[in-house]
Amino acid sequence: MKIALGADHAGYQLKNKIKQLLEQQGLEVRDKGTLSGESVDYPDYARLVAQDVIERRADFGILVCGSGIGMTMAANKVNGIRAANVSSEYEAQMSREHNNANVLALGARIVKEDEALRIVDKWLATQFAGGRHERRVEKISEIEKKERQVPS
């Protein structure tokens, strides 16, 4: 499994801990940056990770910023991305099982490191349930397609 990983300055340290965990588990990590704690703009990294997922260079994406909110908003602007801002293992499970999230966003200032690592594990271990949830995810895709059409 390949994971695209990105963070802004607020998420830099937690991103590195997540990277370490994923590599220890034998997963391939595509670290899209940032590579330091210097101030950067989170939309740049959200877009890089989202593009890796959409272009199938990665199976999933994980983003980290201070709250997870900005990264989620930016990633969800990329057609086909279903990013979920998660702060508990339950939300991690539901975002995959019911919503087929393909990008996980975490808030480094919200979630403690040990909980964040458990969230990542739960998120990656959870499969999409399909069934009635498939219909709902398809409706999200239809909204996305319709709203992104250029008016004539």
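The values are calculated or read from the model by the stated rules, or taken from the named source; none is laboratory data. Bear in mind the structure is a predicted one, so any value in this text is a computation, not a measurement. No Cβ is skipped: glycine too gets one built from the backbone with ideal geometry, and neighbour counts run over all protein chains shown.
Those residues that are out of contact with any strand residue (DSSP E or B) (no Cβ under 8 Å at 6 or more places or on another chain) and in contact (Cβ under 8 Å) with a residue 24 or more places away in the chain, I need them from segment 97-114; list them, please. Listed by number, the residues that qualify are Glu97, His98, Asn100, Arg109, Ile110, Val111, Glu113. Going by the conditions given, is Ala105 touching a helix residue (DSSP H, G or I) at 6+ places or on another chain (Cβ under 8 Å) and part of a helix (DSSP H, G or I)? So Ala105 fails the test.
Against the list (1) touching a residue at least 24 places away in the same chain (Cβ under 8 Å); (2) farther than 24 Å from Lys2 by Cβ, the condition Ala58 fails is (2). Just one residue in the set Glu115, Glu138 is surrounded by fewer than 19 Cβ atoms within 10 Å (Cβ to Cβ), modelled with pLDDT of 95 or more and among the acidic types (Asp, Glu); that residue is Glu115. If a residue must be assigned to a strand (DSSP E or B) and under 16 Å from Lys32 (Cα atoms), how many such residues does segment 63-84 contain? Adding up the residues that qualify gives 3. Residues of segment 87-105 that are farther than 18 Å from Val64 by Cα and of a type in the set (A, V, I, L, M): Met94 alone. Picking from residues in segment 12-30 that are closer than 16 Å to Arg109 by Cα and over 13 Å from the mean Cα position of the chain (by Cα), the one that is surrounded by the most Cβ atoms within 10 Å (Cβ to Cβ) is Leu14.
Looking across segment 85-101, the residues that are surrounded by fewer than 22 Cβ atoms within 10 Å (Cβ to Cβ) and outside any helix (DSSP H, G or I) come down to Ser87, Ser88, His98, Asn99, Asn100. Counting only residues that are out of contact with any helix residue (DSSP H, G or I) (no Cβ under 8 Å at 6 or more places or on another chain), under 18 Å from Ala75 (Cα atoms) and small (Gly, Ala, Ser), segment 26-57 holds 0 of them.
When segment 117-148 is filtered for residues that are in a helix (DSSP H, G or I) and among the β-branched types (Val, Ile, Thr), the ones remaining, listed by number, are Ile119, Val120, Val137, Ile140, Ile143. Inspect all residues belonging to segment 28-36 and state whether any of them is closer than 20 Å to Arg82 by Cβ, among the hydrophobic types (A, V, I, L, M, F, W, C) and at pLDDT 95 or above. No, every residue in segment 28-36 fails to be closer than 20 Å to Arg82 by Cβ, among the hydrophobic types (A, V, I, L, M, F, W, C) and at pLDDT 95 or above. If you go through segment 72-83 and keep only what is farther than 19 Å from Lys2 by Cβ and not charged (D, E, K, R), you end up with Thr72, Met73, Ala74, Asn76, Asn79. When segment 66-88 is filtered for residues that are of a type in the set (A, V, I, L, M, F, W, C) and in contact with a Ser or Thr (Cβ under 9 Å, 6 or more places away or on another chain), the ones remaining, listed by number, are Ala83, Ala84, Val86. Across segment 63-75, a minimum of one residue is classified as buried (at least 17 other Cβ atoms within 10 Å of the Cβ) and in contact with a Cys (Cβ under 7 Å, 6 or more places away or on another chain).
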